[in-house]
1. Could you state the orientation-averaged shadow area of the convex hull built on the Cα atoms of the range 129-234, in nm² to one decimal?
2. Pick out which of L57, L214, L159 has the largest mean-square fluctuation in a Gaussian network model of the chain, springs linking Cα atoms closer than 10 Å.
3. May I ask which of K152/K182; K67/K161; K129/K152; K64/K152; K104/K219 have a Cα-Cα span longer than 24 Å here?
4. Mind checking which of I89, S151, F233 is farthest towards the positive end of the chain's charge dipole, using Cβ charges of +1 (Lys, Arg) and -1 (Asp, Glu) about the Cα centre?
5. Run the quick spin-label model on A33 and A216: label points 7 Å from Cα toward the beta carbon, then report their separation in nm to one decimal.
6. Could you please tell me the mean projected area of the C-alpha convex hull for the range 110-171, averaged over all directions and given in square nanometres to one decimal?
7. How many times 2.2 N^0.38 Å is the alpha carbon radius of gyration of the range 43-117?
8. Leaving out same-chain residues fewer than 8 places away, which aspartates and glutamates sit with a Cα under 19 Å from that of K82?
Amino acid sequence: MGPSPSRGPDRDECDITTIITCCGNDDVESAAAVTDWLPSGLQPVLPDKVEPDFTKLALAGHSKGGKTAFALAMGLAETSLKFSCVIGIDPVAGLSVCDQPKPKILSYIPLSFGLAIPVAVIGTGLGSKWKGILPPFAPNGVNHAEFFLESKPPCCYFLAKNYGHADMLDDWMVKLTSWVCKSGEGDKELMRRGVAGIVVAFMRAFLQGDREDLNAIVKSPGVAPIQLDPVIFVEA
């Protein structure tokens, strides 16, 4: 299983401001609207002979989109479809512990998320670090660690120790955000491959019943192209 993720030393600081905005009710409603569009709108834009299976629907989001994904999975907006798993990629719930826009989903009570589906949380080691005088994009107390601690089993946690909050994005976006957001020195293509591999392994495990790849990452994190430390898998 491994050690629990640390909430970090800044959990009780309430004066952090950042240039990013965080998920609000409108984002959750918009995500619900897209979900309701899928049964009628997705098929016409798919290649021939490809049919979606809405009984195996995964929900994922990065940064404030991670919070949106969790909020939607928790039923904070009604949808016509049910989700089979949820993935947060360096999710962020607000600007600080005391500044979280609605819907406020963090309670700081372990295992408190109202989710009955598998959860994966991928965090970054540098996302909570300041960029000179600029505050972090994923502050302690509202970031990946708290999302995982409030998730119920089965749940997985992977920390990309040497990478920053935006390092899994396209190169042009990484370069743009690196002026205001702490970025790792490692190859960003490796970060993209690492995050993508975790997502695919997790979905194979819980949507297709094939846990071989997920078990390999959990048992031997060194198989990933990036350093993952810690890696935690809490089974139901």
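1. Averaged projected area of the range 129-234's Cα convex hull equals 7.0 nm².
2. L57
3. Those over the limit are K152/K182; K129/K152; K104/K219.
4. With unit charges placed on the Cβ atoms, the residue in question is F233.
5. Roughly 4.2 nm, to one decimal.
6. On the way: hull surface 19.8 nm².
About 4.9 nm², averaged over all directions.
7. 1.30
8. D27, E29, D36, E51, D53
The values are calculated or read from the model by the stated rules, or taken from the named source; none is laboratory data. These figures come from a predicted structure and were not determined experimentally. Cβ coordinates were reconstructed from backbone atoms using ideal geometry, including for glycine residues, and neighbour counts include every protein chain displayed. What goes into the accessible areas is simple: the full protein's heavy atoms, side chains included, and nothing from ligands, DNA or RNA. Shrake-Rupley method; radii C 1.70, N 1.55, O 1.52, S 1.80 Å.
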